[in-house]
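To keep things clear, I will list the structure first and then write my remarks on it.
The values are calculated or read from the model by the stated rules, or taken from the named source; none is laboratory data. Given the structure is predicted, the values throughout are model-derived calculations rather than measurements. Cβ placement follows ideal geometry from the backbone for every residue including glycine, while neighbour counts extend to all protein chains displayed.
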Amino acid sequence: MRYLSGVTSLAFDEEQCTGCGRCTEVCPHGVFFLGDRKAAVIDRDRCMECGACAKNCEFGAITVTAGVGCASAIITSMITGGEPVCDCSGSKPNAASGGCC
Amino acid sequence: MSEMHPRTAIPLPFVKRTPPAFSRGTVGTPSGKVFRIATAWSRQDRWGAFRSRVSAYRMTYAVAPGLYAVGDPGPGSPVFVSASYKLSFDVLRRSLDGIDGWVLVLDTKGINVWCAAGKGTFGTDELVRRIRDAGLEQVVSHRRLIVPQLGAPGVSAAAVARETGFRVAFGPVEARDLKAYLAAGGKASPEMRTVRFTLADRLVLTPMEVLPAARKYPAFAAVVLLTMGLQPSGILFRDAWQHGWPLLLQGLAAVLAGAIVTPALLPWVPGRSFAVKGWLVGLVTAWLLGRIAAPPAGSTAVLVTTVMLLFFPLLSSYIALQFTGSTTFTSMSGTKKELRLFLPVYLAGVAATVVLLAAIKVKEWQLL
């Protein structure tokens, strides 16, 4: 299954890459491939912006705006002007949140 | 929180707590005794897993954070890191049958690994704190941790190594692949590294998609019956029911189309946009249902049918769009794009529906 193409905020700077391979280890969608000396983005549109690669790239080669793809959280953030926050944490046990988390 | 002892204001570490139902005695470590956990699920565990799938029970379904033993572990045994959502913990311990090891549970406030990693509660700081609290460097002689791959959005392996000396190896996405992962010497195949979204994965999420919509259904039904029953002389119950029930049925079908049918048929419904997928499923549903449960014949039948085919597919679309928060492959940028495109459509649809309903009343009352 694939989601919309050409939307991800993922950016990869090959210059900074040392080819350690961490990104290929943590990406749950096979976005990266470890070539000879460096990693490469082979399937950009599969990126779901979870942020695992950027969090684990020691060399700052990867940036991505990570966040929740929760529609109701995004609508709330559009109204309040804040960042989309998933409300399924313990603070509001009866919140009308759906199946996320 | 029945497990908590009423007199202990501060939660006591290790075995001074009341043994949890899933424990099978204790195991001594240089840092103190820890509970040994069962690898089989009891009836209570299965019931808890079911309840957490269908209700807000999941919000309080948690285990105490800290170190646990599985099997008969020693200083050389592997350490598995988990979350304090009881279902995550239960899936892990079921996968560790026959393995001797340690399980380090992070305090994720009862949230699963992936979501907690996104929030940062399953994160570097909490992992570092738990390693220290458990005295892990005395419990094991090696310096390796197996962290679930889906914990990676919150855990920086490099930072954990810097602060504790423990090297993080990201294990497979699914706990059930752990044995194969260990047998391969800590190597995960590309399949183990990829998250999937099977029909079963999708269906298990649908009750929690239906629930928020179901809560709003009584209000929807009240509006429909009031509108349909409204006459210049007052509310006519006969009219309310005769004209209202096809719409009540449409509402129910639209919820099911958006919250169950669209998720179930996700790979086969055309389009990539969830709003489009939900609209298509909703349109087919509304059309089919309209043929079975047609509005009463009369001067307003065409207008009512228009409402059916306009409003209800948009409702299915909106509900289907909510599912982006539960999938394993949708992104925030993508969902934002969908909302920018479709929120105006939804608002216009609601406005048009209000106009149509007014037109139906005008025609009924023969005001023009």
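Only one entry in B:Pro295, B:Pro270, B:Pro232 is in contact with a Pro (Cβ under 7 Å, 6 or more places away or on another chain) and not hydrophobic (A, V, I, L, M, F, W, C), namely B:Pro295. Across segment A:1-13, the number of residues qualifying as loosely packed, with under 12 Cβ neighbours inside 10 Å and within 12 Å of A:Gly60 (Cβ to Cβ) comes to 0. If you go through segment A:14-28 and keep only what is part of a loop (DSSP other than H, G, I, E, B) and more than 10 Å from every other protein chain (Cβ to nearest Cβ), you end up with A:Cys17, A:Thr18, A:Gly19, A:Gly21.
Look at segment A:39-55: where a residue is over 17 Å from A:Gly21 (Cα atoms) and a partner is assigned to a helix (DSSP H, G or I), sitting 6+ places away or on another chain with Cβ atoms under 6 Å, you get A:Glu49/B:Met332.
One residue stands out among those in segment A:29-47 that are part of a helix (DSSP H, G or I) and at the interface with chain B (Cβ under 10 Å from one of its Cβ atoms): the one that is nearest to B:Met192 (Cα to Cα), which is A:Arg46. Of the helices (runs of 4 or more DSSP H) lying entirely inside segment B:63-133, those containing at least 3 residues that are crowded, with 22+ Cβ neighbours inside 10 Å are B:86-95, B:113-119.
Looking at segment B:183-196, which of its residues are assigned to a loop (DSSP other than H, G, I, E, B) and surrounded by fewer than 17 Cβ atoms within 10 Å (Cβ to Cβ)? Let's see the steps before the verdict.
Of the residues in segment B:183-196, the ones assigned to a loop (DSSP other than H, G, I, E, B) are B:184-189, B:194-196.
Within segment B:183-196, B:Ala184, B:Gly185, B:Gly186, B:Lys187, B:Ser189, B:Arg196 qualify.
Only one of the listed residues (B:Val140, B:Val147) is assigned by TED's automatic domain parsing to the domain that holds B:Pro65, in contact with a Gly (Cβ under 9 Å, 6 or more places away or on another chain), among the hydrophobic types (A, V, I, L, M, F, W, C) and surrounded by 24 or more Cβ atoms within 10 Å (Cβ to Cβ). That residue is B:Val147. Within this structure, B:Gly349 passes the test of being over 30 Å from B:Arg196 (Cα atoms) and of a type in the set (Gly, Ala, Ser). For the condition within 19 Å of B:Gly229 (Cα to Cα) and more than 14 Å from every other protein chain (Cβ to nearest Cβ), what is the one hit in B:Val350, B:Val284, B:Val304? Unique residue meeting the criteria: B:Val304.
All of (1) out of contact with any helix residue (DSSP H, G or I) (no Cβ under 6 Å at 6 or more places or on another chain); (2) more than 10 Å from chain A (Cβ to nearest Cβ); (3) surrounded by 19 or more Cβ atoms within 10 Å (Cβ to Cβ) hold for B:Ala214 with one exception: (3).
For segment B:143-173, a residue qualifies if it is closer than 13 Å to B:Phe80 by Cβ and either modelled with pLDDT under 95 or of a type outside the set (Phe, Trp, Tyr) (or both), and the qualifying residues are B:Arg144, B:Leu145, B:Ile146, B:Val147, B:Pro148, B:Gln149, B:Gly151, B:Val168, B:Ala169, B:Gly171, B:Pro172. Right, B:Val70: within 30 Å of A:Cys70 (Cα to Cα), more than 21 Å from the chain's Cα centre (by Cα) and at pLDDT 95 or above or not? Answer is no for this residue. A:Gly30 falls short on exactly one of the conditions (1) buried (at least 22 other Cβ atoms within 10 Å of the Cβ); (2) within 23 Å of B:Ala116 (Cα to Cα); (3) at pLDDT 95 or above, and that condition is (1). Checked against (1) closer than 21 Å to B:Phe323 by Cα; (2) not assigned by TED's automatic domain parsing to the domain that holds B:Ala240, B:Glu209 passes all but condition (2).
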